[in-house]
Amino acid sequence: MQAEFTIQTQGPGLYEFTDEIVRWSNLVATDGVLTLFVRHTSCSLLIQENADPEVQTDLRAFFDRLVPSSDHPSMAYLRHTYEGPDDMPAHIKAALMPVSLSIPVSQGHPLLGTWQGIYLAEHRASPHTRLVAAHLG
C-alpha cells in the first residue's frame, strides 16, 4: 500500500508527523516494512527523540554550526548561491542526513521505540509544502 503525506513547514526545524504515519499504518493493519521517502532536495527525514524539545533545538544548532549560511565567511567557496543564503547549506544538510527511512511494522503498528518520533527536517528559511512518499509492504 502506498500513500503520500503533505507537511507544511514554517522555516528551519523538525516537524513531527509520527501520528499521521501511525493512523495510516493502522488502517493497513499488516506486517512489513514501511519505507518513507522525502521528495525534495533541501530537507531530510529523521527518527529522533520526541520527549524533550531541547533535543530538536540542539540538533538544529549543531547542524547550523556544522553548515552555516552561505553568507558566512567560512562558506565563501560556495557557488550555488542565487537562491538565497540558506539554499546550498540546505542541500548540504540534506546530503548529510537521510532522505528515506525504513521502519518495521507489526500488525499495523510501526515498531518505534518509546521516545522515537518521525520528523521531517526542514533546512530552508521560508515556508514550504513538503511531500513524503510512503510504501508499506
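For HIS128, nonlocal amide neighbours, meaning residues 5 or more places apart or on other chains whose placed amide H falls under 5 Å from its own, are THR9, GLN10, GLY11.
Neighbour counting of Cβ atoms within 10 Å sorts the residues TRP24, TRP115, fewest neighbours leading, into TRP115, TRP24. Can you compute the charge dipole magnitude of the chain about its Cα centre, using +1 on each Lys and Arg Cβ and -1 on each Asp and Glu Cβ, nothing else charged? Give it in debye, rounded to the nearest 20. The calculated dipole for the chain is roughly 340 debye.
Of (i) 43, 23, 10; (ii) 30, 15, 11; (iii) 30, 20, 19, which one was derived for semi-axes √(5λ) of the Cα gyration tensor in Å from the structure shown? From the options (i) 43, 23, 10; (ii) 30, 15, 11; (iii) 30, 20, 19, the structure gives (ii).
Bear in mind that the values in this text are calculations on the coordinates, not laboratory data. Just so we're clear, the structure is a prediction, and the values are computed from it rather than from any experiment. Cβ coordinates were reconstructed from backbone atoms using ideal geometry, including for glycine residues, and neighbour counts include every protein chain displayed.
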